[in-house]
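Chemist: The structure's right below; bear with me while I get my questions together.
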Amino acid sequence: SNYSVSLVGPAPWGFRLQGGKDFNMPLSISRLNDGGKAARAQVGIGDVVLTIDGISTDGMTHLEAQNKIKACTGNLNMTLQR
């Protein structure tokens, strides 16, 4: 099921990404920091990141996704799939 989170900045957001087009894997959450912003927003390990700030991650490389997330200084809005 899909859900949206809006993490209030600034970074760190408290999660680590894995995957991306360059790895032939969907972008997903590989790690959460205890008590971090993502964990408090009920983000789950293994959840697939569908959009970052309204931009589809379809075809995004790992680095592109990281840069997109780094560019979000105020709020980080993501759509994820559980």
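Chemist: Roughly speaking, what is the stretch gain from residue 33 to residue 82, that is 0.36 nm per residue apart minus the C-alpha to C-alpha distance, in nm to one decimal?
Modeler: 15.8 nm
Chemist: Under 17 Å from the Cα of residue 68, which aspartates and glutamates turn up, not counting those fewer than eight places away in the same chain?
Modeler: Straight-line reach from residue 68, under 17 Å: 22, 53, 58.
Chemist: Further question on the same structure: Taking Cα atoms, how many degrees apart are the long axis of helix 62-71 and the longest axis of the chain, rounded to 10 and kept between 0 and 90?
Modeler: Taking Cα atoms only, the helix is inclined about 30 degrees.
Chemist: Let a ≥ b ≥ c be the square roots of the eigenvalues of the Cα gyration tensor of the range 2-81; is it rounded (a/c under 1.5), or, if not, prolate (a/b larger than b/c) or oblate?
Modeler: Note, shape of the range 2-81 comes out prolate.
Chemist: In Å², and per residue, what accessible area does the chain have when probed at 1.4 Å with the other protein chains present?
Modeler: Roughly 58 Å² per residue, with all protein chains present.
Chemist: Any idea which of 25, 6, 80 is furthest toward the positive side of the dipole for the chain, if Lys and Arg beta-carbons carry +1 and Asp and Glu beta-carbons -1?
Modeler: So the residue furthest toward the plus end is 6.
Chemist: So, with +1 on the Cβ of K and R and -1 on the Cβ of D and E, and no other charges, what is the size of the charge dipole of the chain about its Cα centre, to the nearest 20 debye?
Modeler: 180
The values are calculated or read from the model by the stated rules, or taken from the named source; none is laboratory data. The model shown is predicted, which means the values in this text are computed figures rather than measured ones. For neighbour counting, all protein chains shown are included, and Cβ atoms are generated from backbone atoms with ideal geometry for every residue, glycine included. Just so you know, the surface numbers come from the protein's heavy atoms only, side chains and all, with ligands and any DNA or RNA stripped out. Shrake-Rupley method; radii C 1.70, N 1.55, O 1.52, S 1.80 Å.
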